[in-house]
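Asker: The structure follows.
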Amino acid sequence: MSETVIAPLLSRRVAAAGMSYVAFGLFAPLPAAISQILRIIPIRAERRQLYTRQMIQHLCWLFTQLMQLFGLYRHVVVREIFDNPSGKLVVANHPTLLDAVFVMAYIPNVCCVAKASLARNFFTGLTLRQAGFVLADDSNLFEKLIDKLSHGENVLLFPEGTRNTSDLELNFRRGAANLMVASGCDVLPVILQCRPRALQKGEKWYQVPAERAEISVTICRPFSAEELVDQTQPRTLQYRQITRALVAFYRCRLTP
Amino acid sequence: MTRDEIKAALTAVMLTLFELEETQIIESASLYDDLDVDSIDMLDLLLSIKQETAVELDFEPEDFRDVRTFGDLLDVLERLT
């Protein structure tokens with residue numbers, strides 16, 4: 001359970017949260033709107049998808065800067081790699097509501113697995129489709145993600161599946177490991193921390209920390225399944241061992 | 001093959017694939033909740049059964065749609081072989 005002290009309702013910090021949500025609502029349909037306008041230019045659908053994702057990356061970055069400007073959160077980015085990743089399975093732990101925004105701000109050409117509700121939402125739905133994101137309830141989800149990885153797209157997965165209630169919970173499911181083994185791609189871990197904890201499951205938008213939280217984003221070097229497990233073993237054992245290795249990695253990096 | 005023969009072959013394969021103890025593999029065990037076997041694991045399991053056991057199996061994924069327990073899986077395999 002969170003022990004974060006919450007800011008009073010009528011406070012600058014809550015006003016900052018409100019402004020941030022409005023900004024997000026304004027930003028979210030922009031990439032799709034611009035992409036629709038770009039349709040008059042004869043470019044291939046793959047290029048349009050790439051441009052949409054570039055816009056998403058810039059807007060996510062801008063949004064993180066705005067939140068800092070509004071005084072809502074400050075954030076720190078640590079890079080352990082400096083070249084642009086391609087065809088990587090990006091995994092991240094999931095402490096806050098904005099984790100996907102922080103990852104997309106700093107990793108290019110990301111394909112997200114989106115909840116069906118986001119596809120139905122007016123602000124996000126059109127952008128999702130133009131960006132070539134895949135829905136979580138898609139019956140061919142696994143095959144589509146393998147295909148995207150093989151075409152050099154980065155795929156973002158949250159192995160916890162949902163926001164956690166504590167940093168070291170690390171209840172990782174095996175989807176990331178399944179994809180690594182099936183596609184042969186490398187995993188690129190991103191470590192997210194929010195101190196004090198904020199933007200948690202069940203919290204309303206106005207329940208922000210009284211103290212300005214710091215969100216740290218660490219982009220780690222990628223590693224292969226081969227580095228983690230003996231790949232002569234049955235795949236089912238590899239899935240389990242890779243998942244445990246990822247949990248151990250995150251536990252090591254998140255333990256104070 | 002008899003049900004017992006299928007059960008023995010299936011149990012042996014599952015012990016190789018899934019980090020389980022033999023005592024866990026009982027007919028009432030839920031594949032997902034008790035044995036931690038998800039849908040991707042099921043595909044690998046069925047492939048292993050085909051490739052590594054004497055169980056001659058011709059199946060479609062829909063055949064296993066309603067399988068929830070180890071016992072359900074045995075029932076389907078018994079029907080298909």
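The values are calculated or read from the model by the stated rules, or taken from the named source; none is laboratory data. Just so it is clear, the model here is predicted, and its values are computed rather than measured. Cβ coordinates were reconstructed from backbone atoms using ideal geometry, including for glycine residues, and neighbour counts include every protein chain displayed. All accessible areas refer to the heavy atoms of the entire protein, side chains included, with ligands and DNA or RNA removed. Shrake-Rupley method; radii C 1.70, N 1.55, O 1.52, S 1.80 Å.
Asker: Assess whether A:I215 counts as being touching a Lys or Arg at 6+ places or on another chain (Cβ under 6 Å), more than 14 Å from chain B (Cβ to nearest Cβ), surrounded by 13 or more Cβ atoms within 10 Å (Cβ to Cβ) and of a type in the set (A, V, I, L, M, F, W, C). Write out each step before concluding.
Answerer: Values: touching a Lys or Arg at 6+ places or on another chain (Cβ under 6 Å): no; more than 14 Å from chain B (Cβ to nearest Cβ): yes; surrounded by 13 or more Cβ atoms within 10 Å (Cβ to Cβ): yes; of a type in the set (A, V, I, L, M, F, W, C): yes.
Taking the combined requirement at face value, the residue does not satisfy it.
Asker: Here's a check for you: in region B:3-37, which residue that is open to solvent by less than 30 Å² (accessible area, probe 1.4 Å) and of a type outside the set (A, V, I, L, M) is farthest from A:E143 (Cα to Cα)?
Answerer: Applying the first criterion (open to solvent by less than 30 Å² (accessible area, probe 1.4 Å)) to region B:3-37 yields B:6, B:9-11, B:13-14, B:17-18, B:20, B:25, B:29-31, B:35, B:37.
Next cut, of a type outside the set (A, V, I, L, M) only: B:11, B:18, B:30.
On the way: B:T11: 29, B:F18: 23, B:S30: 27 Å.
So the residue we want is B:T11.
Asker: Among the numbered criteria (1) modelled with pLDDT of 95 or more; (2) under 25 Å from A:N178 (Cα atoms); (3) of a type outside the set (A, V, I, L, M), which single criterion is violated by B:T23?
Answerer: Going through the list (1) modelled with pLDDT of 95 or more; (2) under 25 Å from A:N178 (Cα atoms); (3) of a type outside the set (A, V, I, L, M), B:T23 breaks only (2).
Asker: Sticking with this one: Could you list all residues from region A:218-256 that are within 14 Å of chain B (Cβ to nearest Cβ) and either open to solvent by less than 30 Å² (accessible area, probe 1.4 Å) or in contact with a strand residue (DSSP E or B) (Cβ under 7 Å, 6 or more places away or on another chain) (or both)?
Answerer: A:V229, A:T236, A:L237, A:Q238, A:Y239, A:R240, A:I242, A:T243
Asker: Among the residues in region B:53-69, are any at pLDDT 95 or above, of a type in the set (S, T, N, Q) and open to solvent by 20 Å² or more (accessible area, probe 1.4 Å)?
Answerer: Taking every residue of region B:53-69 in turn, at least one turns out to be at pLDDT 95 or above, of a type in the set (S, T, N, Q) and open to solvent by 20 Å² or more (accessible area, probe 1.4 Å).
Asker: Looking at region A:187-207, I want the residues that are open to solvent by less than 60 Å² (accessible area, probe 1.4 Å) and have a partner that is at pLDDT below 80 with Cβ atoms under 7 Å, at least 6 apart or on another chain. Which pairs are those?
Answerer: A:P196/A:T4; A:P196/A:P209; A:R197/A:S2; A:R197/A:T4; A:A198/A:T4; A:A198/A:V208; A:A198/A:P209; A:Q200/A:S2
Asker: Taking into account only those residues within region B:17-31 that are closer than 19 Å to A:R244 by Cβ and within 12 Å of the chain's Cα centre (by Cα), which is nearest to the other protein chains (Cβ to nearest Cβ)?
Answerer: Across region B:17-31, the extreme among qualifying residues is B:L17.
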